[in-house]
Amino acid sequence: MNHRCDFHMHTTHSDGSYTPEELLAYASEKCLRAVAVTDHDTVSGYDACKAAADKHGVELIPGIEISCQFEPGTLHVLGYFLNPKDPGLAQSLAVLQRARAERNPMIIEKLNRLGVHVTLQEVEAQSGGDQVGRPHFAQVLIKKGYARNNDEAFRKFLAKGAAAYVDKRRFSAEEGIQMIREAGGAAVVAHPKQLKVTDRSRLRQLFKEWMSFGLQGIEAYSSCQNVGEQKFWRDLGAGFGLIITGGSDFHGKNKPDVDLGWMGQGVDLGYDIVDELRAAKTVKRCS
Ligand code: AMP
Ligand code: ZN
Ligand code: FE
Ligand code: FE
């Protein structure tokens, strides 16, 4: 019996390049037993993912990834086993979709002012779905010769602080964690390296605060964290009694160096994490 799992990946419903059908077929090919699809700020891919998961014999955990306000780095909160049909969740996600729709033309405007000739139509065509993200801008910039690769596109134009960066309205950590919990999900901090906080006492303070909002887990294993970093985050999480999870953050062609199921040398996540996350999901009280 195979027990391999991957708890972090994206489809064309956000900024991955695989459709739900392609992604679940690939998960099956990779012999993954359970996967969580965690598109940014949307669950619009859930039904298609579920149908494909059933077809390919892979267990699908409903998931999401919410970007929250944070300095100096980025705070992404993953939600697992949430109810994708929850009306409160739909309302919160609509706020985030609007923020994205307002931001994207502003990025185009900044690019154009820099003499970079890219249109919103081109970026929308690149996304192929209903949500446009910065990796789609990056792909268009590469196609049109303004950047050699994804890294350069972000460094020169799209990353926080770069020439065409535009911030968008995000939820606070409290709002992000609570919206997941209120939709019945378990809340986990994604790729903590990207918080860009190294001071241990500051980290302890942050995790304590997030746990008071309802945080339950930490993604110690991630394709962006090396062996030493994984140990660091695992130890920190264990110290707080957090669930230790992991995920590849697979984006297909939009992040070509990261393969599905890969979260560092020799890392192989067991199915027991699925049980832990399932047990941690919020059981809604009926009044
Ligand atoms: P968005 O949600 O549209 O702001 O896009 C966020 C996504 O852009 C992230 O999930 C990453 O996949 C990608 N991204 C953000 N910053 C960088 C960076 N510095 N280099 C490469 N990719 C990045
Ligand atoms: Zn992404
Ligand atoms: Fe992320
Ligand atoms: Fe992600």
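Answer with yes or no whether Asn112 is under 14 Å from Ser14 (Cβ atoms) and either without any contact (Cβ under 8 Å) to a residue 12 or more places away in the chain or part of a helix (DSSP H, G or I) (or both).
Answer is no for this residue.
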Does region 77-96 hold any residues that are surrounded by fewer than 23 Cβ atoms within 10 Å (Cβ to Cβ) and within 16 Å of ligand 2 (Cβ to nearest atom), and which are they?
Leu93, Leu96
Out of curiosity, is Gln121 surrounded by 16 or more Cβ atoms within 10 Å (Cβ to Cβ) and not charged (D, E, K, R)?
no
Hits in region 129-156 (condition: surrounded by fewer than 22 Cβ atoms within 10 Å (Cβ to Cβ), within 16 Å of ligand 3 (Cβ to nearest atom) and of a type in the set (A, V, I, L, M, F, W, C)):
Phe154
Report whether or not Asp41 is among the acidic types (Asp, Glu) and free of Cβ contacts under 8 Å to residues at least 60 places away in the same chain.
no
Scanning region 244-260 residue by residue, those away from ligand 2 (no atom under 16 Å from the Cβ) and surrounded by 23 or more Cβ atoms within 10 Å (Cβ to Cβ) turn out to be Thr245, Gly246
Note down all Cβ pairs under 9 Å where the first residue falls in region 19-37 and is in the same structural domain as Val77 (by TED's automatic domain parsing) and under 11 Å from Leu260 (Cβ atoms), the second is in a loop (DSSP other than H, G, I, E, B) and charged (D, E, K, R), and they're at least six residues apart or on different chains.
Lys30/Arg4; Lys30/Asp259; Cys31/Arg4; Leu32/Arg4
For region 38-95, give me each residue that is acidic (Asp, Glu) and within 15 Å of ligand 4 (Cβ to nearest atom).
Asp39, Asp41, Glu65
Evaluate region 113-121: report whether one residue or more is touching a His at 6+ places or on another chain (Cβ under 9 Å) and not assigned by TED's automatic domain parsing to the domain that holds Cys68.
no
For region 205-215, state whether one or more residues are within 16 Å of ligand 3 (Cβ to nearest atom), surrounded by fewer than 19 Cβ atoms within 10 Å (Cβ to Cβ) and more than 18 Å from Thr245 (Cα to Cα).
no
By residue number, the members of region 229-287 that are closer than 21 Å to Gly79 by Cβ, out of contact with any Pro (no Cβ under 6 Å at 6 or more places or on another chain), among the aromatic types (Phe, Trp, Tyr) and modelled with pLDDT of 95 or more are Phe240, Phe250
Taking only pairs six or more apart or across chains, which ones have beta-carbon atoms under 6 Å, a first residue in region 51-78 that is under 10 Å from Leu24 (Cα atoms), and a second residue that is of a type in the set (D, E, K, R)?
Ala52/Glu21; Leu60/Lys50
Looking only at region 173-195, decide whether some residue is surrounded by fewer than 21 Cβ atoms within 10 Å (Cβ to Cβ), touching a residue at least 24 places away in the same chain (Cβ under 8 Å) and closer than 19 Å to His251 by Cβ.
yes
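The values are calculated or read from the model by the stated rules, or taken from the named source; none is laboratory data. Bear in mind that the values here come from a model prediction, so they are computed numbers and not experimental data. Here Cβ is always computed from backbone atoms with ideal geometry, including for glycine, and neighbour counts include all displayed protein chains.
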